[in-house]
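Structure, as structure tokens:
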Amino acid sequence: MGKTLAEKILSEKSGGDAKAGDIVIAKVDLAFVQDTTGPLTVRQFQTSGMSLANPERTVLFIDHAAPSPNANLSNDHILLRDFSRQSGCILSEAGDGVCHQIVSEAYARPGDVVVGADSHTVTAGGLGAFATGMGSSDVAVAFGLGRNWFRVPETFKINVSGELQDGVSAKDLILHLIGKIGADGATYKSLEFHGEAIKNISMSGRFTITNMAVEAGAKVGLFPSDDKTKTYLENEGRGDDYRPLAADKDAVYEKTIEINASELEPTVSRPHTVDNTALAKELKGTKIQQVVIGTCTNGRLEDLELAAGILKDKKSAGNVRLIIAPASRRVLLDAISAGYIAEFVEAGAIILPPGCGPCLGLHQGALGDGEACLSTANRNFEGRMGNPKSFIYLASPATAAASALTGEITDPREVI
Amino acid sequence: MLQGKAHKFGDSISTDHIIPGRYAHLRSNLPELARHVLEDADVNFVNKVKEGDFVVGGNNFGLGSSREHAPLVIKMAGVSAILAKSVARIFFRNAINLGLPVLICDTDKINDGDELEIDLATGTIKDITNGCELTFGKIPDVMLAILDEGGLIPYIQKHGDIKI
């Protein structure tokens with residue numbers, strides 16, 4: 001019987017025949033933490049008495065509070081820097097960017113098992129890595145043993161036919177899927193993406209889709225590793241990391257979900273759950289006070305290019321704060337070279353350093369009482385952006401840019 | 001045998017309800033962090049909860065972030081088990097890793113404030129207040145072994161490795 005991508009990777013990494021429902025111990029190829037989960041991981045690790053199994057494949061990212069807004073978080077950063085120095089593991093500093101973006105750019109390989117103390121670790125599934133979020137204790141164990149236990153997930157085959165139309169992007173596709181199956185529609189499952197439309201989706205779009213797999217409850221979101229993956233890794237100077245990877249033709253799926261990409265329209269998640277979706281055009285007239293373009297979901301060069309195309313030579317609405325948060329230092333540099341950053345600044349935007357920015361409500365754009373924000377991030381939970389009395393809408397970079405121009409939720413097809 | 005009062009919550013209680021990101025600066029000061037447990041779902045929870053009580057959720061309890069601080073502050077509040085109709089994957093694993101049982105059952109039968117008696121060995125929940133008896137889903141053996149040692153780190157300290 002054939003294997004799904006999840007079964008294939010976990011078979012290889014456990015040295016056995018892993019089938020959905022099995023519990024296996026698998027080798028972990030990359031383990032990482034960020035600055036809000038890392039200090040607890042380090043403490044748990046030190047309590048356990050283990051030493052690092054693979055310091056060169058253990059990474060600590062300072063990205064959530066970067067640069068630090070207060071002394072407490074600065075002290076957490078010192079703890080991470082000290083641990084990196086003492087243990088020999090890698091430190092990614094404030095300003096380098098969001099862990100998931102850098103894991104994709106520099107570390108994850110097709111066929112790897114990646115664990116991170118952050119739920120959006122699923123992002124690296126875009127290049128065919130079995131990447132999943134875990135808590136601090138589980139990642140501490142992966143630090144020390146170089147392996148951990150996994151339940152092999154059942155897989156939903158997401159078959160996407162057709163072609164995304166102008167003004168519609170990978171973000172709209174994943175918001176549509178989550179709206180269709182619900183925020184717990186894929187709990188414990190692997191989402192495996194197939195179909196004509198998927199072959200044509202860029203690596204940037206693939207990462208947007210896998211980044212949000214966890215918003216349907218999924219353990220992992222997986223794309224095959226194909227020619228696009230090869231070109232991406234070559235462009236990152238990692239051509240040797242490429243290997244082709246696909247599910248077997250006769251793999252067994254728990255269910256198949258069909259989506260026609262040609263029929264999708266700009267989609268928005270309304271407060272306070274990601275599955276509370278509507279079409280952008282249905283929300284026309286909804287006033288917003290802040291727009292965020294960036295984060296690990298949509299802070300890549302392609303996203304900034306799309307937004308800049310809409311904002312160039314225009315001004316954001318006077319009553320809207322437009323915040324741009326590039327996902328990594330590399331993205332920021334490329335966006336500067338391409339002229340997008342100057343165009344954003346001229347359009348009235350605030351440029352944040354590469355990092356998580358306002359997404360988790362720590363700093364850099366917390367919302368006031370009764371305020372609404374349209375963000376390209378991945379979560380709109382009550383209180384997520386620092387205030388339980390505020391409202392978060394999620395959308396694509398194109399919808400966000402169009403809405404920044406009008407001060408209300410706007411279908412980007414009205415302005416492109 | 002666990003005994004205590006049920007504190008009932010609705011569906012989709014996220015890790016942001018349990019311990020909001022705006023308190024991330026308190027994550028290295030756990031007693032202070034724990035004062036905000038479940039604040040965005042019920043601001044009075046921290047004052048009402050007593051040692052041994054239960055947090056009772058609906059569907060998809062603990063969705064969202066991987067922050068282990070979420071089950072940690074619930075445990076620090078004295079809660080002896082979490083009951084829910086369904087639970088998000090990372091939260092489930094995190095709670096067990098801290099030695100905090102998560103029991104999947106039909107929580108519609110339990111009302112806020114009910115006195116519960118839970119036998120982990122037999123898998124039964126008795127609602128003393130309304131007389132209802134419930135069973136909960138089996139916890140996988142690998143997780144039971146971790147729970148038995150009081151969590152993942154004590155388990156590793158004792159066994160030096162993970163066994164399945």
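Let me know the mean shielding of B:24-31 by other chains, meaning the per-residue number of their Cβ atoms within 10 Å of its Cβ. Please list the in-between numbers first.
Working: counts 14, 13, 2, 10, 8, 2, 1, 0.
What the average comes to for B:24-31 is 6.
Just to verify a number: FRET efficiency for residue B:108 and residue A:279, C-beta to C-beta distance, R0 = 30 Å, to 0.05? Present the calculation step by step, with values, prior to reporting the outcome.
On the way: r = 33 Å, r/R0 = 1.11.
Taking R0 as 30 Å, the efficiency between residue B:108 and residue A:279 is 0.35.
Under a crude label model (7 Å from the Cα following the beta-carbon direction), how far is residue A:337 from residue A:166 in nanometres?
Inter-label distance under the simple model: 2.9 nm.
If packing is taken as the mean number of other Cβ atoms within 10 Å per residue, what is the order of A:65-74, A:254-263, A:287-296, highest first?
Numbers: A:65-74: 17.9, A:254-263: 14.2, A:287-296: 26.2.
Going from most to least packed, we get A:287-296, A:65-74, A:254-263.
Count, for each residue of A:373-383, the Cβ atoms from other chains sitting within 10 Å of its Cβ, then give me the mean as a whole number.
3
Decide, for chain B, between rounded, prolate and oblate: order the square roots of the alpha carbon gyration tensor eigenvalues as a ≥ b ≥ c, take rounded if a/c falls under 1.5, and otherwise choose prolate if a/b is larger than b/c, else oblate.
On the way: a/c = 1.64, a/b = 1.04, b/c = 1.58.
Oblate is the answer for chain B, as a/c is 1.5 or above yet b/c matches or exceeds a/b.
What residue among A:54, A:358, A:16 has its Cα farthest toward the positive end of the dipole of chain A, where the charges are +1 on Lys, Arg and -1 on Asp, Glu, each on the Cβ?
Positive-end residue among those listed: A:54.
Using only the alpha carbons of chain A, what is the convex hull's orientation-averaged projected area in square nanometres? Can you show the working numbers first?
Values: hull surface 73.4 nm².
About 18.3 nm², averaged over all directions.
Counting Lys +1, Arg +1, Asp -1, Glu -1, what net charge surrounds residue B:142 among other residues with beta carbon under 10 Å of its beta carbon?
Numbers: positive: A:151, B:163; negative: B:141.
Around residue B:142, the surrounding residues sum to +1.
Let me have the relative contact order for the range A:1-141, percent, based on Cα pairs under 8 Å that are six or more residues apart. The partial results should precede the final answer.
Details: 241 pairs, mean separation 38.9, N = 141.
Relative contact order of the range A:1-141: 28 percent.
Using only atoms on other chains, find how many Cβ atoms lie within 10 Å of each Cβ of peptide B:111-117 and report the average. Could the numbers behind the result be given before it?
On the way: counts 0, 0, 0, 0, 0, 0, 0.
Rounded to a whole number, the mean comes out at 0.
Would you mind computing, in nm to one decimal, how far apart the modelled labels at residue A:85 and residue A:240 are, each placed 7 Å from Cα along Cα→Cβ?
3.1 nm
By Kyte-Doolittle mean hydropathy of at least 0.5 and Cα axial length of at least 18 Å, which whole DSSP H helices of chain B are selected? Please report the intermediate quantities before stating the final value.
On the way: long enough: none.
Going by DSSP H runs, there are no hits.
Restricting to Cα pairs below 8 Å that are 6+ residues apart, what does the relative contact order work out to for chain A? Please round to a whole percent.
Working: 1086 pairs, mean separation 73.3, N = 416.
Relative contact order of chain A: 18 percent.
Loop-only check: which chymotrypsin sites (Phe, Trp or Tyr not before Pro) in the range A:315-416 are DSSP coil with at most 14 other Cβ within 10 angstrom?
Details: sites: A:340, A:344, A:381, A:391, A:393; in loops: A:381.
Qualifying residues, ordered by number: none.
Restricting to bridges with both residues inside chain A, how much of the DSSP beta-bridge set is antiparallel, in percent to the nearest 5? Each step should come with its number before you reach the end.
Details: 12 of 55 bridges.
So the antiparallel bridges amount to about 20 percent of the total.
Just how large is the dipole of the protein assembly as shown about the Cα centre, in debye to the nearest 20, putting +1 at every Lys and Arg Cβ and -1 at every Asp and Glu Cβ?
Numbers: 57 positive and 73 negative charges, 114 e Å.
Using only the charged Cβ atoms, the result is roughly 540 debye.
Which value in deg cm²/dmol, rounded to the nearest 500, describes the helix-derived mean residue ellipticity at 222 nm for the protein assembly as shown, given -39,500 (n - 2.57) per DSSP H run of n ≥ 4 and division by the residue count? Walk me through the numbers on the way to the answer.
Working: 21 runs with 174 residues, N = 580.
Calculated at 222 nm, the ellipticity per residue is -8000 deg cm²/dmol.
What's the local net charge at residue A:264, with K and R +1, D and E -1, over the other residues with C-beta under 13 Å away?
On the way: positive: A:171, A:180, A:281, A:413; negative: A:163, A:166, A:172, A:258, A:263, A:265, A:411.
That works out to -3.
For the range A:140-177 and the range A:265-330, what is the separation of their C-alpha centers, rounded to whole Å?
Answer, in whole Å: 22.
FYI, it's all coordinate maths here, none of it is from the lab. All values derive from a computational prediction rather than experimental measurement. A quick note on method: Cβ atoms are made from the backbone with ideal geometry, for glycine too, and the neighbour counts reach across all protein chains shown.
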